[in-house]
1. Out of the residues in the range A:1-10 that are charged (D, E, K, R) and assigned to a helix (DSSP H, G or I), state the one that is nearest to residue A:69 (Cα to Cα).
2. Examine the range B:56-71 for a residue that is modelled with pLDDT under 50, at the interface with another protein chain (Cβ under 10 Å from one of its Cβ atoms), loosely packed, with under 10 Cβ neighbours inside 10 Å and not in a helix (DSSP H, G or I), and state whether such a residue exists.
3. Can you report the number of residues in the range A:108-123 which are more than 9 Å from chain B (Cβ to nearest Cβ) and exposed (fewer than 15 other Cβ atoms within 10 Å of the Cβ)?
4. Could you grab the pairs with beta carbons closer than 7 Å, sequence gap of 6+ or different chains, first residue in the range A:61-74 and over 17 Å from residue B:64 (Cβ atoms), second one among the aromatic types (Phe, Trp, Tyr) and surrounded by 15 or more Cβ atoms within 10 Å (Cβ to Cβ)?
5. How about the range A:136-168: which of its residues are within 14 Å of chain B (Cβ to nearest Cβ) and either at pLDDT below 75 or outside any helix (DSSP H, G or I) (or both)?
6. State the number of residues belonging to the range A:1-59 that are basic (Lys, Arg) and touching a Leu at 6+ places or on another chain (Cβ under 6 Å).
Amino acid sequence: MKDSDFIEQAISAHGDAVFRFACSLLQSTQSAEDATQETFLKLFQSEKDFSSESHLHYWLLAITKNYCYDLLRRRRRLPVLLVDPTAEDGLEHPSTFGSPFIEETLAIDGDHVLWRHVAKLPLRQREVVHLRYVEDFTPREIESILGISGINVRQRLSRALKSLRRMIAQESETPQEVINRETRR
Amino acid sequence: MKPVDNNRFEVYRRQGRSLHLSANARHRILEAVRSCETSKAGASPSEPHRRRKATSPRTHLSSAFALKAACLLIIISVGLNTIFAILPSRNLETPQAIATSPLRPYERIEVHYLDSSIVATSQEALCVVPVTLYVSDLSSSQVTINLQGSNGVYLISSGSLPTETTPHKTTLRVACTILGQIHLQLLCPTSITREQFDEGSRSTNSPNWTSTEPVKLIERLRGSQLTIKEDGGDQATFRIELDDFPTLEAIAAQLRRGNDYIPPYFSLDRKDSL
């Protein structure tokens, strides 16, 4: 078992990346902090030996992904809406979970359009987009982290980019162009 | 891979990178780790490491997994059912096709009435009627058939015609198909003279004996017994069931009931099986 000093060093080195990945998947800073805590607790309890820093980094991201998937699966099973005591009506709607996070949390002002669109992507595409374009991992590294094939990584990326192109194109359409598109259908 | 827009992705990357784990969160995580460390050390310092039990065991299978498992179970069940229900019957060569025929009795003699003929030798005119026996539980490819109490009806191989030298046999060795079908011909002398036969052959109208002579042949089989003996020694004896057809007219009506697709038939009544 690792000691607390080892965990402190690991948090300094990898804490931000784990938190960012959890934010991208869960679209909530509070949930992402919980996910980060769970991940490092798992590291503390793990008896695994890591051959390098990058090995540890991949392992932490894989654990984060699994925890986030479990959390989202549990949330989906909840029969009622989540209660947020700070909300005006006492209810926080899961469908609008992402938008306050994007506006309030991202430090750099300006165009948040891509974050909004990425948040609408399916989870499996979103995780690949985050690892590729925020964490700058190569497709081969993403394969190792997510435990999927290279073809699968490229396929998910390709589909995600296609969806993003479509969403951006639709957002920049004039009302007349929208009418024309709907008429063509 | 071509990005959507390099500038947009650069902004996206910088915005993503601006997310940092807060100092409070770091502190909280370390506190949690330290409390774990303390509780572990206090609990059993000399105890060797044990595999940690799951704190929240899964009580429900995920729906996707359950669906896959159910599909797999159904496929395996259907496969096993197919293997154990069909293959043994194929291996034992049990004539399931006959058994499952819903409109006909299990064991029967089909009379190919429309293919019956009158054949003349120098001595006599003979009526030849092709028949097919359907018998269950035969495992040999060759069987020996014996006709007892036949009242002048004899057996001849399927496809052959009687000649001057053809002996009148009541015992015949024939082939049996995997479905328990035995093809052969029944033969009996008629009252037709050679002159009548020649006259009938020259006539443009079909002589009426081709319809009446097979009826008489079947009537001769009343009370006869058919024994089928396999090479392995097993044998079965049948009686041709004519109780429902007491007169020649009734037999004729039954024979005319058939057509090209469904030949007329009479039941075989199994007497014993050794």
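The values are calculated or read from the model by the stated rules, or taken from the named source; none is laboratory data. This is a predicted model, so every value here is computed, not measured. Counting neighbours? That spans all protein chains shown, and the Cβs are built from the backbone with ideal geometry, glycine included.
1. It comes out as A:8.
2. Yes, there is a match, as at least one residue in the range B:56-71 is modelled with pLDDT under 50, at the interface with another protein chain (Cβ under 10 Å from one of its Cβ atoms), loosely packed, with under 10 Cβ neighbours inside 10 Å and not in a helix (DSSP H, G or I).
3. So the answer is 4.
4. Correct list of pairs: A:61/A:21; A:64/A:21.
5. Residues satisfying the conditions are A:136, A:137, A:138.
6. The number of residues fulfilling the criteria is 1.
Per-residue answers, yes or no, for (1) at the interface with chain B (Cβ under 10 Å from one of its Cβ atoms); (2) crowded, with 17+ Cβ neighbours inside 10 Å; (3) in a helix (DSSP H, G or I); (4) among the aliphatic types (A, V, I, L, M):
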| site | (1), (2), (3), (4) |
| --- | --- |
| A:12 | yes, no, yes, no |
| A:18 | yes, yes, yes, yes |
| A:21 | yes, yes, yes, no |
| A:25 | no, yes, yes, yes |
| A:37 | yes, yes, yes, no |
| A:43 | yes, yes, yes, yes |
| A:47 | yes, no, no, no |
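Matching residues to (1) among the β-branched types (Val, Ile, Thr); (2) part of a helix (DSSP H, G or I); (3) modelled with pLDDT of 80 or more:
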site	(1), (2), (3)
B:77	no, yes, yes
B:88	no, yes, no
B:98	yes, yes, no
B:133	no, no, yes
B:137	no, no, no
B:145	yes, no, yes
B:152	no, no, yes
B:155	no, no, yes
B:172	no, no, yes
